[in-house]
Amino acid sequence: MPLEPWTGPAILLVDLDAFFASVEQLDHPGWRGKPVIVGGDADKHGVVSTASYEARCFGVHSAMPASTARRLCPDGIWTHGHFDRYNEMSRAIMDIVRNETPYVQQVSIDEAFADVTPTAVNREHPAIVARRIQQCVEELGVTCSVGVGSSKTIAKIASDIDKPRGLTVVYPGRERSFLAPLPVRTLSGIGAAAEAKLKARGMTTLGDIADADEAQLVRLFGKNGHVMYVRANGGDDAPVVTDDLVKSVSNETTFAIDLVCRDEVEAAMATMAAKVGRRLRRKGLKGRTLGLKVRFDDLSFRSVQRRLDHPSDDELAYTPLLYRMIDEVWRPGIPVRLLGVSMTGFDTEENVQESLFALADEVPNADDVAPVVKDEEKRRGLIKATDLVKDRFGESAVRFGRELRGEGNTTGSASKNPADYR
């Protein structure tokens, strides 16, 4: 059928269908057509990272506790995943998208926005571009769903309408009618608490929000109320951000068995600090603000951060500082479910709130803490040598003894943050 003319901005959201599970089914032909679950161990606080559509028929979904998923789908095929493989596939797919337009914003390992607005030079219809991307992705052995709209909000919602292999096009001028019947939770940023407030005032659909008094929404939600109102009416001028400005480099781990002893906690912090340091060096970055996040067995969390005297990518220098920081938020004997280490402050106009962690506002300077190896030349030489070994033989080829102490005490769950695969 002929396509209607397109005028104005055109944004795609390319969303890979059950990506981790789809790659596993591609690589294991015997798993095709069967319920595949990628995630952590059911008896170790694990969660589901991705479930194939066959597993979703049993009610299994991402972020579900692995124990619940096992109960719902006892015959499911479980795997912790092969993350290097997922990263390899993700890069190949993102290259397909970038072959269509240089304006690509990858938001996770399996999602990316792309600006394909027709121009005087290239008048190709956005729906044709979207379908071509789908076909190229299918040639790699996995599938994707694509939403096409005049904004990132519309494209994101459209991509979820018809999965898997869906292609949903919302033409300019039809945004409000497209959004009106959808539940309020469909809009990004509206969680359970916001939904409850809206429902208490009789607003259950995006159409209800669009028809509401904007001033009332602002009173309820502050500036987010304005954003909510604009987006429910089909507006959204957020651009596709193509730069790779890094605001935070971080690593966090959820433990299969809660940590209660200081030596276990220090070993875990050292392991994450080493991963953060290596990622900093790979990106050519040095940060000024070190962050530590702790989640306890009751799922509450505390966090603390310190400003370093000098920008650093050297975990042997800043790990001892983490050992002091932990004393501000934890005491031995209190069960620790998760630990996270972050580094921010990569430019002169540092904005620490852009961290992956929700950290405190206070950022006092670091105490005078001695590095693991005091001689800087020897320390840098040791780091360079270990980096070279890891580059050649893999990340686990060389580790300090303290990093081995907690080996195996993880849930096996996977993140979709692309930084965790680089």
Exercise. Separation of the range 75-139 and the range 24-61 by C-alpha centroid, Å?
Worked result: 22 Å
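Hey, what's the per residue convex hull volume over the C-alpha atoms of the range 176-232, in cubic angstrom?
Numbers: hull volume 3.7 nm³, N = 57.
Value for the range 176-232: 65 Å³ per residue.
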Seminar exercise, completed: Residues whose modelled amide H sits under 5 Å from the amide H of SER151, counting only those 5 or more places away in sequence or on another chain, are ILE11
For this session: Note down the relative contact order for the range 176-232 as a percent, whole number, built from C-alpha pairs under 8 angstrom at least six residues apart.
Result: 36 percent
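From the convex hull of the Cα coordinates of the range 1-95, what is the mean projected area in square nanometres? Intermediate values should be presented prior to the final figure.
Numbers: hull surface 35.7 nm².
It is 8.9 nm².
The range 84-189: Rg/Rh from Cα coordinates, Kirkwood Rh?
Numbers: Rg = 14.0 Å, Rh = 14.5 Å.
For the range 84-189, the value is 0.97.
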Exercise. If amide H atoms are built 1.01 Å from N in the plane of the peptide, which residues on other chains or at least 5 residues away come under 5 Å of the amide H of TRP78?
Worked result: ILE37
Exercise. Short version: ³J(HN,Hα) in whole Hz for each residue of the range 88-103, in order, from phi by Karplus 6.51 cos²θ - 1.76 cosθ + 1.60 (θ = phi - 60°), x for Gly and Pro, what are they?
Worked result: 4, 5, 4, 4, 5, 6, 5, 5, 4, 5, 5, 5, 8, 7, x, 8
For this session: Under a cut-off of 18 Å between alpha-carbon atoms, report the lysines in cross-link reach of LYS275, not counting same-chain residues fewer than 8 places apart.
Result: LYS247, LYS283, LYS286, LYS293, LYS384, LYS390, LYS416
For this session: Determine the dipole magnitude for the range 176-232: charges of +1 sit on the beta-carbon of Lys and Arg, -1 on that of Asp and Glu, nothing else is charged, the reference point is the Cα centre, and the result goes in debye to the nearest 20.
Result: 140 debye
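Which whole-number percent gives the relative contact order of the range 25-163, counting Cα pairs below 8 Å spaced six or more residues apart? Write down the numbers at each step before the final one.
Values: 181 pairs, mean separation 19.6, N = 139.
The normalised contact order for the range 25-163 reaches 14 percent.
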Problem set entry | Alpha-carbon Rg/Rh ratio, for the range 1-51, with Rh computed the Kirkwood way | 1.27
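A short reminder: the numbers here are calculations on the coordinates, not readings from a lab. This is a predicted model, so every value here is computed, not measured. Neighbour counts are summed over all protein chains in view; Cβ atoms, including those assigned to glycine, are modelled from backbone coordinates with ideal geometry.
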